[in-house]
Amino acid sequence: DDVWDDVSTSGFVVNGWCHPADKFTIKTGYGSESKTVDAGRTLTGDADYTRFNASLQYDLADKSRARIKYSKKKTENDQIGSTVDFTRLGGDLSYWIDEVGDLQFSISHFDGQYENSSGQFDLDDYVLGGDWTSVEVSNLSGGVGGTYYRSKGDLDVESFSVRVTAGYKFGHGHRVGLKYTAHNFDNLEFTTPVYTEFYTANVLEVFVVKEL
């Protein structure tokens, strides 16, 4: 709602989980929502949303697990004649080593399409990620990580980022630290000698955290 438009929504969400065997956990959920513009006019108008997700997790050891995830999302908008329908299949691994710290790896594949009255856009993306967070030594901790993204649908782009963090814990639940991230993006559709679309960015963050 706003001053001129009146929007109402209705929907439901169902979630469930079970332990079919020792160290295994299955989770699943389904949701549906309908948005209606009762008075006035909004940019996108009425829309219907559906969501489904499922995961299978295996507990490797204390603080360690492996997981497979699947999700499907769909959005339909009759007013502007658009449909968004895509699925995600991925997995992640989190492994704790007492003398080293926490190691995390993930991989995901996105497949789907966006369609409206002007045409259709296909999505075929891959995302790889990894992080290491060290154990705390003399109130000091650190970590490194990275993310790689590759699109091979109607887009032909590649992107990766590398990050480094360092922190110091002091007082009663206080922590101060630095985070440096280097981003790179390359649009591979433009490879002419006189023009490219390659971008890079370097970001330095300073943070102070109070643990509650």
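The values are calculated or read from the model by the stated rules, or taken from the named source; none is laboratory data. Note that the structure is predicted; figures quoted are calculated from it, not measured. All Cβ positions, even for glycine, are placed from backbone atoms using ideal geometry, and neighbour counts span all protein chains on display. For the accessible areas, the whole protein counts, side chains as well, though only heavy atoms, and no ligand, DNA or RNA atoms are used. Shrake-Rupley method; radii C 1.70, N 1.55, O 1.52, S 1.80 Å.
For the range 43-89 and the range 163-212, write down the distance between their C-alpha centroids in whole Å. So the two Cα centres are separated by 27 Å. When the charge dipole of the range 96-206 is built from unit charges on Cβ atoms (+1 for Lys and Arg, -1 for Asp and Glu) and taken about the Cα centre, the candidate among Gly143, Val176, Asn116 whose Cα reaches farthest toward its positive end is Val176.
What percentage of all Cα-Cα pairs in the range 56-112 are separated by more than 18 Å? For the range 56-112, the fraction of Cα-Cα distances above 18 Å is 52 percent. Placing a label point 7 Å from the Cα of Val208 along the Cα-to-Cβ direction, the residues of the range 141-184 whose backbone N falls under 17 Å from that point are 167-179.
Rounded to the nearest 20 debye, what is the charge dipole size of the chain about its Cα centre when +1 sits on each Lys and Arg Cβ and -1 on each Asp and Glu Cβ? Please list the in-between numbers first.
Details: 20 positive and 33 negative charges, 186 e Å.
The dipole magnitude comes to about 900 debye.
When the charge dipole of the chain is built from unit charges on Cβ atoms (+1 for Lys and Arg, -1 for Asp and Glu) and taken about the Cα centre, the candidate among Thr25, Phe160, Val194 whose Cα reaches farthest toward its positive end is Thr25.
Between Leu60 and His172, the distance separating the two model label sites (each 7 Å from Cα on the Cα→Cβ line) works out to 3.8 nm.
Name the shape class, rounded, prolate or oblate, that the alpha-carbon gyration tensor gives for the range 156-212, where a ≥ b ≥ c are the square roots of its eigenvalues, rounded holds for a/c under 1.5, and otherwise prolate holds if a/b is larger than b/c and oblate otherwise. Judged from the Cα gyration tensor, the range 156-212 comes out prolate (a/c at least 1.5, a/b above b/c).
Within a straight-line Cα-Cα reach of under 19 Å, Lys73 can be paired with the following lysines, leaving aside sequence neighbours fewer than 8 residues apart in one chain: Lys27, Lys35.
Were the residues from Gln79 through Glu197 laid out at 0.36 nm apart, the gain over their Cα-Cα distance would be 39.0 nm. The H on the amide N of Gln79, modeled in the peptide plane, is under 5 Å from the matching H of Asp46, each at least 5 residues off or on a different chain.
Counting Lys +1, Arg +1, Asp -1, Glu -1, what net charge surrounds Tyr199 among other residues with beta carbon under 12 Å of its beta carbon? Net local charge, Tyr199 excluded: -3.
Could you sort the peptides 13-20, 59-66 by per-residue average Cβ neighbour count (10 Å cutoff), highest mean leading?
Values: 13-20: 9.6, 59-66: 12.9.
In descending order of packing, they fall as 59-66, 13-20.
Expressed as a whole percent, the accessible area of the chain that falls on carbon and sulfur atoms is 58 (1.4 Å probe).
For the range 146-200, a simple Cβ point-charge model (Lys and Arg +1, Asp and Glu -1, everything else neutral) yields a dipole of about 660 debye relative to the Cα centre. Consider the candidate values (i) 28, 20, 15; (ii) 53, 23, 19; (iii) 36, 27, 21; state which one is semi-axes √(5λ) of the Cα gyration tensor in Å computed from the structure displayed. Among (i) 28, 20, 15; (ii) 53, 23, 19; (iii) 36, 27, 21, the one calculated here is (iii).
Accessible surface for the chain, divided over its residues, is 67 Å² per residue with a 1.4 Å probe.
First select every other residue whose beta carbon is under 10 angstrom from the beta carbon of Tyr180; then total the charges, Lys and Arg +1, Asp and Glu -1. Charge balance in the 10 Å sphere: +1. Around the Cα centre of the range 74-167, unit charges on the Cβ atoms of Lys, Arg, Asp and Glu (plus for the first two, minus for the last two) sum to a dipole of about 200 debye.
Residues in the range 142-166 near a label at Asn184, defined as backbone nitrogen under 19 Å from the 7 Å Cα→Cβ point? Within reach of a label on Asn184: 144-152, 156-165.
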